[in-house]
Amino acid sequence: MSKIESGYNKKSLPNSVSKIGGTLLAIGLLLGIAGFLVDSYRASYAYLVSFIFFLSIAVGSLFLVALEYAANADWSTPFRRISEFFAASLPLLLILVVPLFFNTSNLFLWSHAGYVHGDKMLEAKSAYLNTPFFMVRVIAIILLWLFFYWMITKNSRKQDETKDQVLTKRNITLSVIFIPVFAITITLTAIDWIMSLESKWFSTIFGVYLFAGVVWCSLAALTFSAIKLKENGYLHSAIKEDHYYSLGTLMFAFTAFWGYIAFSQYMLVWYGNLPEETFWFMQRWDGGWKFVSILLIITHFIVPFFGLLSYEAKTNVKRLKFMSVWILCVHFLDMYWLIMPGMSRNNHAYSFSWIDFVFPLVFIGILILVFNKMAEKFNLVPVGDPKLQRGLNFHL
Amino acid sequence: MSLDYSKELTLVQGNMTMADLDNAIAKPMDTKPNKNYFIALAFTSSLLLLGVIAVSLTFYYGIGEWGNNQPVGWAFDITNFVFWVGIAHAGTLISAILYLLRQKWRTAISRFSEAMTIFAVICAGIFPIIHTGRPWLAGYLIPYPNAMQLWPNFVSPLVWDVFAVSTYFIVSLLFWYVGLIPDFATLRDRTVSKIKKFIYSLFSLGWRHSNRDWRHYEKVYMILAGLATPLVLSVHTVVSFDFATSVLPGWHSTIFPPYFVAGAIFSGFAMVVTALVFMRKVFSLENIITMDHLDRMNKIILLTGSMVGYAYLMEFFISWYSGVPTEQYVAINRAFGPYAWGYWVMVSCNSIFPQLFWFRRFRRSIPVMFIVVVLVNVGMWFERFIIIVTSLHRDFLPSSWGMFYPTWVDFSILFGSFGLFFTLVLLFTRTLPVVTMSEIKGVVEGAQPSHYEGDHNA
């Protein structure tokens with residue numbers, strides 16, 4: 001146990017972190033409000049893109065925590081707190097979702113009674129796609145996530161003092177229950193927030209598609225922060241390249257997994273060539289969107305696949321940092337590609353606007369501030385975890 | 001029961017030395033089989049014979065011997081094909097994917113499950129050839145510039161199947177063989193029979209257990225694992241394309257590729273557990289293939305079974321959500337139509353019974369796990385049957401509705417494929433080491449470098 005204590009000293013993050021976070025949030029808020037005033041239609045979509053991006057990291061990080069417990073993994077134990085701190089943004093979803101609730105009529109055609117009336121397909125769906133039920137679902141899902149977040153992190157923090165193994169056992173139980181809950185809730189999130197933007201489109205794989213991106217970008221957030229924090233001495237000194245290698249492997253695996261899921265969805269729709277399905281991809285090909293679609297294939301699959309393929313790449317700290325920032329940006333692009341074409345459904349000529357890019361500032365600012373706050377209050381290394389020593393000893 | 005999370009579980013139990021391991025694993029090859037072995041072999045080869053007779057009748061009279069009809073043009077043949085291809089997924093998952101994920105517990109079960117992979121692919125390969133009705137024309141599936149300038153239709157998923165399954169077979173066989181080379185050398189060095197020595201020498205390719213040998217071996221093994229991983233996922237993906245690229249309601253669904261892959265791993269693991277339960281007992285390998293191994297395999301069965309359950313739910317929900325009447329009809333017809341019994345066999349065996357594995361007590365109970373995995377095997381066969389037959393049997397026009405009734409030839413071919421599979425498994429257990437002798441030594445207590453490093457470094 002002495003080895004654990006000698007390798008880690010708790011200290012607060014530098015002031016610059018909260019300054020950066022605060023500045024981003026302030027600028028983002030100002031510009032965001034301006035965006036809503038200028039063009040609330042576009043701003044609702046742009047806000048949704050960033051909201052889903054933020055949600056991806058928050059709930060995806062909770063999934064990574066649960067995955068570690070469920071799989072009884074030890075190599076990731078020294079990093080687990082980082083994911084816990086990212087998941088700490090989950091309670092804010094309850095507030096951040098409010099602007100979207102006020103703009104459902106901008107986002108969802110199915111929320112217009114006049115549009116649904118007389119359309120047999122939409123009338124049939126209205127038992128599911130209606131504003132009150134939608135809001136109930138969204139809130140219920142966030143509350144479910146919060147429940148698991150609170151329970152799991154409470155046990156994890158308590159263990160820092162008590163070193164009680166029973167807490168690990170409890171968290172394993174919570175985590176294995178959370179995983180199916182997560183599978184269903186992330187699917188409903190994908191259907192409600194993204195698929196239903198196009199009220200008549202459907203794809204059975206869509207939940208898995210979002211899942212792939214959510215885990216991918218949470219891994220990137222974890223990798224980037226882990227390396228940065230370790231470099232500046234905030235993590236345990238025994239963390240080494242072997243640990244990063246595992247993170248790199250997982251990012252690589254989810255790059256391939258996303259590629260597989262995205263290809264399956266596209267190929268089957270293309271091959272079936274049914275108009276009720278193809279129009280969704282046509283929207284993402286018309287106008288300038290084909291450039292974004294092709295860009296997505298290159299940036300979401302080809303570059304990270306080859307960028308993380310070799311052993312050298314996965315143990316190269318610089319490469320990993322670069323790729324994790326890359327992945328975070330590309331996940332944003334993916335969400336952009338999923339959501340924004342919906343707003344141009346009536347006019348083909350779509351053009352970028354400054355409004356599209358102001359909301360990430362808000363959400364990244366919040367993530368940084370929450371992380372900073374958590375790092376002030378709690379240990380960045382779960383010092384009481386029975387698996388920590390195993391995790392620190394880990395080598396390839 | 002309290003666990004100590006600060007320690008890893010011991011993989012090999014009973015304080016076995018290296019020599020003990022070699023002896024325990026080589027014992028079935030060094031001793032004469034007993035009466036029970038021959039009884040088992042007689043039973044499986046009789047089933048195989050039944051299958052051979054049924055296939056011969058099919059070749060002689062044509063596939064009119066089967067229950068296939070209009071509109072059910074695909075039935076037992078493709079069901080069996082998909083079933084066996086699915087079984088073939090566990091081996092490569094264990095040997096390649098778990099290797100890449102550095103799951104050391106795989107060493108005890110990888111050899112055996114890889115063998116099952118190869119045998120299952122052999123069983124699967126029969127069906128696409130016989131279901132065409134003209135098996136002598138199967139050569140046309142191979143793309144080569146023949147005199148007639150005839151090429152297979154490259155846009156057809158059925159052709160992709162041929163490529164995917166045959167590539168998979170070759171890579172699995174190579175992977176398996178590469179893993180066997182050090183073991184052949186070990187067997188060569190310990191055998192006293194001259195004939196055996198000659199055979200083992202031949203297959204060990206001059207292996208000397210030298211540092212150079214191991215260096216090359218590990219590189220090759222890693223590369224093959226890397227190649228086998230996308231392959232194993234692609235095979236069942238391509239199989240799912242056979243259905244999903246069509247526009248038939250119930251078949252055309254974007255979730256099919258991952259759903260089929262999860263189902264394949266699920267059924268493959270179930271088949272491996274079915275066989276392991278007997279194998280570890282008969283050959284007294286309980287210290288090598290421990291209860292912890294079965295526990296972990298049952299966890300994977302629970303996970304993949306739940307993924308399959310997720311896919312059932314998604315399909316059902318989206319068929320309603322899509323608002324497409326034909327999609328909705330097929331979903332309702334599956335669950336409540338004339339094949340409802342099969343649908344509920346599928347749902348209960350695949351998604352409900354495996355939920356018992358949430359409890360450690362059931363994951364570690366041989367009778368419970370045996371019943372569950374057998375039910376999973378049944379359920380997964382029914383899954384393919386339900387997918388195939390229910391989408392076909394009620395065509396778009398009610399005048400083209402029908403039912404499928406299997407004949408005794410259908411059943412005989414199905415049982416025959418089980419006969420072939422288990423005959424091969426039985427022969428394998430007596431001719432090759434069922435556990436990787438070389439790898440298992442690397443996971444024995446004390447073999448890991450961490451035991452030396454722990455106290456000195458950092």
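The values are calculated or read from the model by the stated rules, or taken from the named source; none is laboratory data. On a predicted model such as this, the values are computed, not experimentally measured, just so you know. So basically every Cβ, Gly included, is an ideal-geometry build from the backbone, and we count neighbours across all protein chains shown. Quick note on the areas: whole protein, heavy atoms, side chains included, nothing else; ligands and nucleic acids left out. Shrake-Rupley method; radii C 1.70, N 1.55, O 1.52, S 1.80 Å.
Pick out which of A:73, A:46, A:87 has the largest mean-square fluctuation in a Gaussian network model of chain A, springs linking Cα atoms closer than 10 Å.
A:73
Please arrange B:148, A:151, B:116 by accessible surface area, largest first, computed with a 1.4 Å probe and ligands excluded.
B:148, A:151, B:116
Under a GNM of chain A (C-alpha, springs under 10 Å), which listed residue has the highest mean-square fluctuation: A:181, A:59, A:362?
Of the options given, A:181 has the highest mean-square fluctuation.
Need one number: buried accessible surface between chains A and B, 1.4 Å probe, both sides summed, DNA, RNA and ligands left out, in Å² to 100.
Chains A and B together bury roughly 3900 Å² of accessible area.
Rounded to the nearest 10 degrees, what's the angle between the helix B:18-30 long axis and the longest principal axis of chain B, both from Cα atoms, 0 to 90?
With rounding to tens, the tilt is 50 degrees.
Starting from the Cα of residue B:104, draw a straight line to each of the lysines and keep only those under 19 Å, dropping any in the same chain fewer than 8 residues away.
A:387, B:7, B:219, B:299, B:441
Quick check for me: using +1 on Lys/Arg Cβ and -1 on Asp/Glu Cβ, what's the dipole size of chain B about its Cα centre, in debye to the nearest 20?
I would put it at about 1040 debye.
Rank A:157, B:394, B:384 by accessible area, highest first, at a 1.4 Å probe radius?
Ranking A:157, B:394, B:384 by accessible area, largest first, yields B:394, A:157, B:384.
Between rounded, prolate and oblate, where does the protein assembly as shown land on the alpha carbon gyration tensor, with a ≥ b ≥ c its root eigenvalues, rounded for a/c under 1.5, else prolate if a/b exceeds b/c?
oblate
If you fit an axis through the alpha-carbon atoms of helix A:317-339 and take the longest principal axis of the Cα set of chain A, what angle between them do you get, 0 to 90°, nearest 10?
Once rounded, one gets 20 degrees.
Which parts of the range B:254-274, residue by residue, lose 40 Å² or more of accessible area when the rest of the protein chains are there, as against the chain isolated (1.4 Å probe)?
Residues of the range B:254-274 that lose at least 40 Å² of accessible area once the other chains are added: B:254, B:258.
Pop out the carbon and sulfur fraction of the accessible area of the protein assembly as shown as a percent, whole number, probe 1.4 Å.
Working: 24200 of 34990 Å².
That share works out to 69 percent.
When the Karplus curve 6.51 cos²θ - 1.76 cosθ + 1.60 is applied with θ = phi - 60°, which whole-Hz ³J(HN,Hα) does each residue of the range A:114-123 get, with x for Gly and Pro?
Result, rounded to whole Hz: x, 6, 6, 4, x, 8, 4, 4, 6, 4.
Based on the alpha-carbon gyration tensor of the range B:212-278 and its eigenvalue square roots a ≥ b ≥ c, which shape applies: rounded if a/c is under 1.5, prolate if not and a/b is larger than b/c, or oblate?
oblate
Using a 1.4 angstrom probe on the protein heavy atoms only, line up B:212, B:364, B:111 by accessible area, largest first.
I get B:212, B:364, B:111, largest accessible area first.
Would you check the accessible area of residue B:370, probe 1.4 Å, heavy atoms only, in square angstrom rounded to 10?
Residue B:370 has an accessible surface of roughly 60 Å² with all protein chains in place.
Using 1/(1 + (r/R0)^6) with R0 = 35 angstrom and r between the beta carbons of residue A:312 and residue B:205, what's the FRET efficiency to the nearest 0.05?
Step by step, r from the Cβ atoms, then E = 0.70.
Any idea what the dipole of the range A:12-380 comes to, in debye rounded to 20, about its Cα centre with Lys/Arg Cβ at +1 and Asp/Glu Cβ at -1?
Once rounded to the nearest 20, the dipole reads 660 debye.
Per residue of A:203-211, count partner chain C-beta atoms within 10 Å of its C-beta, then hand back the mean as an integer.
6
Give the calculated FRET efficiency between residue A:34 and residue A:164 to the nearest 0.05, with a Förster radius of 56 Å applied to their Cβ-Cβ distance. All intermediate terms of the calculation are to be shown ahead of the outcome.
Details: r = 51 Å, r/R0 = 0.91.
With R0 = 56 Å, the Cβ-Cβ based efficiency is 0.65.
Rg (Å, one decimal) plus Dmax (Å, integer) for the alpha carbons of the range A:212-310?
17.7, 57
Can you pull out the chymotrypsin sites (Phe, Trp or Tyr not before Pro) in the range B:77-178 that DSSP calls coil and that have at most 15 other Cβ atoms within 10 Å?
Qualifying residues, ordered by number: B:154.
Need one value for A:383-390: mean number of C-beta atoms belonging to other chains within 10 Å of its residues' C-beta atoms.
On the way: counts 0, 0, 2, 5, 4, 2, 3, 6.
Partner-chain Cβ atoms within 10 Å, mean over residues of A:383-390: 3.
Going through the cross-link list A:158/A:240; B:27/B:197; A:154/A:373, which pairs have a Cα-Cα distance over 18 Å in this structure?
A:158/A:240
What does the C-alpha gyration tensor say about the overall shape of the range B:301-406? Classify as rounded when a/c is under 1.5, otherwise prolate if a/b is larger than b/c, or oblate. Please list the in-between numbers first.
Details: a/c = 3.90, a/b = 1.90, b/c = 2.06.
Oblate shape, in that a/c is at least 1.5 and b/c is the bigger or equal ratio.
Which of the aspartates and glutamates could a cross-linker span from residue A:314 if the Cα-Cα distance has to be under 12 Å and same-chain partners fewer than 8 positions apart are dropped?
Cross-link targets: A:241, A:242.
Restricting to DSSP loop positions (anything but H, G, I, E, B) with no more than 15 other Cβ atoms inside 10 Å of their own Cβ, which GluC sites (Glu not before Pro) remain in the range B:286-349?
B:286
So, taking all protein chains as they sit and a 1.4 Å probe, how much accessible area belongs to residue A:39, in Å² rounded to tens?
We get 50 Å² for residue A:39.
Residues of the range B:208-260: accessible area per residue at 1.4 Å, in Å²?
On the way: 2190 Å² over 53 residues.
It amounts to 41 Å² per residue over the range B:208-260.
With every protein chain in place, what's the accessible area of residue B:7 (1.4 Å probe, Å², nearest 10)?
That residue has around 130 Å² of solvent-accessible surface.
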